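Before any comments, here is the structure.
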Amino acid sequence: MADIQVINGNMAAAIGAALCRPDIIAAYPITPQTPIVEYLADFVTGGKLDSSVSEVESELSAMSVVTGASLAGSRVFTASASQGLSLMYEPYFRASTLRLPVVMAVANREMISPQTLWGGPQDSLTVRDAGWLQIYVEDNQEILDTMIMAYRIAEDKNVLLPINVCFDGFYLSHMSERVEIPTQEQVDEFLPKYVPEHIILDPQRPMAVDPLTNGNLLTEYRLKHMMGQQNALKLLEELDKVYGEKFGRSYGGAVEEYRCDDADYVIVTMGSMTGVAKDRVDKARADGKKVGLLKMRMVRPFPCDRVAKVLSGKRAFGVVDRNVSFGWNTGIIYEEICASMNRAASFVPNVPFIAGLGGEDITATHIDYAIDKIIAQDGKTGKHDTVWLNREVMGL
């Protein structure tokens, strides 16, 4: 029988990871991620989790520990955020190119400078092309469920890649809500024991790991790495349905389509802002505006085909980013969406929005304003300038 608790997002991540029975846990404290590993350490010392917790001196060391442990055949877990994520970049990149199924929670936080502690996915989006899989979630229930699915995806023999489960710092990490927790028996049935076959450090079976590699062989590595990412995209679509059948909750796969089928206009969101956006889509529908919502979940690999399928033929769409793409004067997800539409040879009038930087609220007023801007773009052929929602709505 599943247990129902009111818990914060960090606890949801910790419980989700614990249910997957990691052998080795290593992480270094950084706001707003720190409680995840504190909770896991409490589980271990309290006898609720049979794992080894490695105390390290930095995030770079944490990623190095889980990389080595994964090479030795262990199921591993780590977590970080912001500057911690950037500090571990070297072994972070190596974990993916060595094809190690590391699972890592990222409690998203803005990058410095200027100094800020508040939530935003700029940290993980900045390293999105380091070869990891990345999934972004909306609420605490989705954190727990995605953590369990993440191990199944990462350890699949056709994938074998590390994965980030990303959630908004403070808005989810420190806020509490109802979460349904499956039993250990249910998770054990869903997630088989990790038995690595592709790589393992064993004195009885010597093998070379990470040798000096020339161009032709490196090309082969990169090709197979990218094939693994595409396999992960397909697997998430399938696994989401399997998870829904077993646990009663599913999330649409790589994206969630909300009232999109008959929509003329679509607003694209990611992360915790999606809740208020769905509410305002419902309000717009009640007012006779045919609006839908597309929630981005998997960002790496990017589900370009599904995105283009949803948005092609619409009268206009807009993308609300809680980040910036330096050099483009837009948000990162907006540029990814545009690339998907270009690949599909489909132009739909659109508007880029940036909102919620530095932990600012994205409110019903902001979403209503964005929806009206999207509708007003109907029939336009040129690119709309980026709308900085917090500034425009406040009249700055």
If we ask which residues in the range 304-318 are touching a Ser or Thr at 6+ places or on another chain (Cβ under 8 Å) and either open to solvent by less than 10 Å² (accessible area, probe 1.4 Å) or among the basic types (Lys, Arg) (or both), their number turns out to be 3
Only one of these conditions is not met by Cys260: (1) assigned to a strand (DSSP E or B); (2) closer than 23 Å to Glu142 by Cα. Which number is it?
(1)
Give the residues of the range 312-343 that are under 22 Å from Gly253 (Cβ atoms), more than 21 Å from the chain's Cα centre (by Cα) and among the hydrophobic types (A, V, I, L, M, F, W, C), sorted by residue number.
Phe317, Met341
May I ask you to list the residues in the range 361-392 that are of a type in the set (A, V, I, L, M) and crowded, with 18+ Cβ neighbours inside 10 Å?
Ile362, Ile367, Ala370, Ile371, Ile374, Ile375, Val387, Leu389
Suppose we keep only residues that are within 21 Å of the chain's Cα centre (by Cα) and outside any helix (DSSP H, G or I) within the range 267-289. Which one would you say is farthest from Gly313 (Cα to Cα)?
Met270
Being within 12 Å of Gly9 (Cα to Cα) and either open to solvent by 10 Å² or more (accessible area, probe 1.4 Å) or without any contact (Cβ under 8 Å) to a residue 24 or more places away in the chain (or both) is the filter here; which residues of the range 140-164 pass it?
Gln141
For the structure I just gave you, tell me whether Val66 is open to solvent by 20 Å² or more (accessible area, probe 1.4 Å), in contact with a strand residue (DSSP E or B) (Cβ under 7 Å, 6 or more places away or on another chain) and free of Cβ contacts under 8 Å to residues at least 60 places away in the same chain.
no
When you scan the range 80-111, how many residues do you find that are assigned to a loop (DSSP other than H, G, I, E, B) and open to solvent by less than 10 Å² (accessible area, probe 1.4 Å)?
5
In the range 336-359, which residue that is without any contact (Cβ under 8 Å) to a residue 60 or more places away in the chain and farther than 21 Å from Met298 by Cα is surrounded by the fewest Cβ atoms within 10 Å (Cβ to Cβ)?
Ala345
Take the residues in the range 1-43 that are more than 22 Å from Ser86 (Cα to Cα) and among the charged types (D, E, K, R), then tell me which one is most open to solvent (accessible area, probe 1.4 Å).
Arg21
Being farther than 21 Å from Asp188 by Cα, modelled with pLDDT of 95 or more and in a loop (DSSP other than H, G, I, E, B) is the filter here, so list the residues in the range 47-78 that pass it.
Val56, Glu57, Ser58
Can you name every residue in the range 271-281 that is closer than 25 Å to Asp240 by Cα and either among the hydrophobic types (A, V, I, L, M, F, W, C) or open to solvent by 10 Å² or more (accessible area, probe 1.4 Å) (or both)?
Ser272, Met273, Gly275, Val276, Ala277, Lys278, Asp279, Val281
Among residues of the range 320-367 being in a loop (DSSP other than H, G, I, E, B) and among the polar types (S, T, N, Q), the residue nearest to Val266 (Cα to Cα) is Ser346
Are any residues in the range 295-329 among the charged types (D, E, K, R) and more than 12 Å from Asn350 (Cβ to Cβ), and if so, which ones?
Lys295, Arg297, Arg300, Asp305, Arg306, Lys309, Asp321, Arg322
Only one of (1) of a type outside the set (A, V, I, L, M, F, W, C); (2) under 26 Å from Thr126 (Cβ atoms); (3) not in a helix (DSSP H, G or I) does not apply to Pro35, and that is (3)
Any chance the range 260-270 includes a residue that's within 18 Å of Ala150 (Cβ to Cβ), in contact with a helix residue (DSSP H, G or I) (Cβ under 8 Å, 6 or more places away or on another chain) and buried (at least 23 other Cβ atoms within 10 Å of the Cβ)?
yes
Every residue from the range 243-257 that is assigned to a loop (DSSP other than H, G, I, E, B), surrounded by fewer than 21 Cβ atoms within 10 Å (Cβ to Cβ) and in contact with a Gly (Cβ under 9 Å, 6 or more places away or on another chain)
Ser250
For the range 44-55, name all the residues that are under 14 Å from Ala79 (Cβ atoms) and either in contact with a Phe, Trp or Tyr (Cβ under 6 Å, 6 or more places away or on another chain) or open to solvent by less than 50 Å² (accessible area, probe 1.4 Å) (or both).
Ser51, Ser54
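The values are calculated or read from the model by the stated rules, or taken from the named source; none is laboratory data. All figures in this text were calculated on a predicted structure; none of them were measured in a lab. Because the Cβ atoms are built from the backbone with ideal geometry, glycine has one as well, and the counts that use them run over all protein chains shown. When the accessible area is computed, the model is the full protein with side chains, heavy atoms only, and any ligands, DNA or RNA have been set aside. Shrake-Rupley method; radii C 1.70, N 1.55, O 1.52, S 1.80 Å.
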